[in-house]
Amino acid sequence: MPSETTQVKVVVKARPLLEVEETKGGKNVVKISGDKISVDTGGKEQTFVYDGSFAGDVKANQLYKDRCEPLLQKALEGYNVSIMAFGATGSGKSHLMSGTEDDPGIVPCLNHSLYKHVEEKAGKKEFFITVTFVEILDEQMTDLLNPHSNEMRVRQHPQLGIYVDGLSELVANDGETLAKLYEQGSRARKMGATDVRAHRARSHSIFTIHVDQKESNSSKVGLKSTIQMVDLAGSEGVDSNSSLQAVARVIAALGDSKKKGGHVPYRDSRITRLLQEAFGGNAFSLMFACISPADLFSQETMVTLQYATLARNIKNEARVNLDETTHIIADLREEIARLRDKLTTNSKKEDVMKMEDLIHDLQIAKRQTWEEKQRLSIQYEEERKTNLANKGILEWVMDSMRKGDKEMQEKLLLLQKEKDQLMLQYKEKRKAVDGMKEDLQKKIAEYSKMADSGKATDASTKAKVTAIHELKELLKSESERLKEIKQHLKEVTEKQRTEREDARSQNMMLRGNAELRQAVEIEERKKIEMENAIMVEDEMERVGREVDFLRMEIQNKVEQGKQYSSEEGSKLEIEVAELKAERQVIALQQQVLEQEKARLQRTLDDAYKHHKEETEILQLQNFQTFRNYREVFEQQKSALEQRYRGLLEDAVQDAVFMSSRNAEMVEENQSLRQEIAELKDRLTVLEGQAAAN
Ligand SMILES: Nc1ncnc2c1ncn2[C@@H]1O[C@H](COP(=O)(O)OP(=O)(O)OP(=O)(O)O)[C@@H](O)[C@H]1O
């Protein structure tokens, strides 16, 4: 297995002087020239040399290209890589690692090149990439990709190295997935805290990319490497932060020539255990020492630079990691079988314990196969929906809600179908009614024409009158039916509205689900808009038909040479004007609806933004409330304990008093007995004397 001795590389990155620092009168006390960096500490200039020093105007992607891309190449050759950001709070560590949209950080840049490489090698090589994301705060570990509450432990596997037992490893088949996982994890890191900045300043996070690869169609053993991206806790006051102090002690133990060869306190904290390969182990390591250029921070800058100097002396022994999972599993199985035989004849306690460890090692080794990692990843995906939802990460809730909402959606769909059918019936019925009206008008016209002509016989008059009467009756009943349909339609619409309301309140119950609510609102609004549009269109059509009908009637009459009386004329004109006005009103209504829609859209967007912010705050507050409860509980507990302690002390004192009193009484009793005995003796003597006399 090829291996290389390598030194931990240290690059200093000074962030720009922030506006807030400038307004406070902060001055730039850092000068950079080549790999040298000088800090003016109140008139005294101190100079340090590193593997690189970069000023504030340097973009993260340039730093990535320059310093991290070669490390990615190493990782692709099978070496482990560790990229760490170290520095005081506010020195720009997170900015460097995560970056912004305009200035993507080291993690997004590396993500991009990693998958570019994977694409380029398609056909020749197969890659299997997974990620884990852990946060360590006050020695507590949080699985940022799947924030569960199961116990997690740092363990060491004899062949696979150091790992966190219980940490979810998720498959990232493409750069987009990896970016999403990193983003969600970073968000989960924020969501758990009441004071995001203080929390981040005190916590460490490690985002690890596991790259497994093998040559396509080859039985050659594949490669297996890890890329650790570490955002260390803020170092201002290294003394006050014990786990960072532990990192400092490890750096000093390995990097300080006076302490070389001595004990390295990796086991002092979880972060140092997890960085064991990065400092003095099997990895190519790069430490970004992040500093602020401001005089206000010069003390913190000096602490960072001193540790950076020590870190640069650390030597690592990096080797190519072959994917020997299959062999490891076979070896472990063999060892387990041997031990099992031994245990059947002679079961010693240490052998039983060793057996337990071996079985656990085998379990871990078995989880390293691509198939098993894939299976577990799917299982974690399921779990993390709930865990992330509990943490307020919304996207997953949305997905699951869509499923949960299905029943309600189906109900609404059925109602919509019923409504559509009713609408169709309504339209058809109205068309028929309108036709009948038209027919009736015609029949009345024919009848009056016949009557005017004076040619009408009794029979023909009767027939016409009967037909008119029948039609009138039919029209009446059909109009009734139309009314009924309309009423039914109204009821269904109302039912639909209440169901939607229910659905919405159900959605409301899901805390933080602003996106989903917005999606539901948008969908609902679209439906209402569509329905309104249909109604308006329908009305317009009806009014149009009425106008046409009138026009036709007038034309008919004109053609028949009918002279309108001024009364009829003005009646018709009024009717036309009314219809026109009706049409205008509808058009106006439509305009108003459009305006209302735009206004609602704006209100909704504002409400959405506001709600989203409020939800986040609420979640943070809830967490705070929980902490307050816990504090009160702790106080009550200690008050009770104190009370019981007091009672116990009293009881002990009483017991002591009673026992001393008891001793006194025993003594008294004894002396009384003595006295009685003496009195008895005297009595006997006196009785003797009396008898003698
Ligand atoms: N290169 C940069 N360009 C512009 N602004 C920067 C740069 N680096 C850092 N900043 C700004 O400096 C501030 C502190 O940066 P950041 O939050 O990354 O510090 P940090 O070291 O991660 O702090 P903490 O330890 O508290 O998490 C932020 O407002 C950030 O936007």
Q. From the residues in region 22-49 that are among the charged types (D, E, K, R) and assigned to a strand (DSSP E or B), which one is nearest to the ligand (Cβ to nearest atom)?
A. Lys31
**Q.** Breaking point among (1) crowded, with 17+ Cβ neighbours inside 10 Å; (2) closer than 22 Å to Arg319 by Cβ; (3) among the polar types (S, T, N, Q); (4) modelled with pLDDT under 95, for Ser82
**A.** (4)
Q: Identify, by number, the condition in (1) at pLDDT below 80; (2) among the hydrophobic types (A, V, I, L, M, F, W, C); (3) more than 15 Å from the ligand (Cβ to nearest atom) that Leu181 doesn't meet.
A: (1)
Q. How many residues does region 184-234 contain that are modelled with pLDDT of 90 or more and within 15 Å of the ligand (Cβ to nearest atom)?
A. 8
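Conditions tested, residue by residue: (1) among the small types (Gly, Ala, Ser); (2) under 36 Å from the mean Cα position of the chain (by Cα); (3) more than 30 Å from Ala55 (Cα to Cα).
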residue: Ile314; (1), (2), (3): no, no, no
residue: Arg319; (1), (2), (3): no, no, yes
residue: Leu332; (1), (2), (3): no, no, yes
residue: Ile336; (1), (2), (3): no, no, yes
residue: Asp341; (1), (2), (3): no, no, yes
residue: Asn346; (1), (2), (3): no, no, yes
residue: Val352; (1), (2), (3): no, no, yes
residue: Met355; (1), (2), (3): no, no, yes
residue: His360; (1), (2), (3): no, yes, yes
Q: From Tyr307, Tyr380, grab the single residue that is under 28 Å from Ser168 (Cα atoms), at pLDDT 80 or above and aromatic (Phe, Trp, Tyr).
A: Tyr380
Q: Inspect all residues belonging to region 97-106 and state whether any of them is assigned by TED's automatic domain parsing to the domain that holds Val221, more than 15 Å from the ligand (Cβ to nearest atom) and buried (at least 16 other Cβ atoms within 10 Å of the Cβ).
A: no
Q.
What's the total number of residues in region 620-654 that are at pLDDT below 80 and among the aliphatic types (A, V, I, L, M)?
A. 2
Q.
Considering only region 307-320, I want to know if a residue exists there that is β-branched (Val, Ile, Thr), within 18 Å of Leu160 (Cβ to Cβ) and in a helix (DSSP H, G or I).
A. no
Q: Kindly indicate the residue of region 50-96 that is more than 24 Å from Ser243 (Cβ to Cβ), assigned to a loop (DSSP other than H, G, I, E, B) and in contact with a strand residue (DSSP E or B) (Cβ under 8 Å, 6 or more places away or on another chain) and also nearest to the ligand (Cβ to nearest atom) among those meeting that condition.
A: Gly56
Q.
Looking at region 10-21, I want the residues that are in the same structural domain as Thr301 (by TED's automatic domain parsing) and more than 10 Å from the ligand (Cβ to nearest atom) and have a partner that is part of a loop (DSSP other than H, G, I, E, B) and among the basic types (Lys, Arg) with Cβ atoms under 9 Å, at least 6 apart or on another chain. Which pairs are those?
A. Val10/Arg312
Q: With the checklist (1) surrounded by fewer than 19 Cβ atoms within 10 Å (Cβ to Cβ); (2) modelled with pLDDT of 95 or more in hand, flag the one item Ile32 doesn't pass.
A: (2)
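The values are calculated or read from the model by the stated rules, or taken from the named source; none is laboratory data. Just so you know, these numbers come straight off a predicted model, no measurement behind them. Positions of Cβ are backbone-derived with ideal geometry, glycine not excepted, and every protein chain shown enters the neighbour counts.
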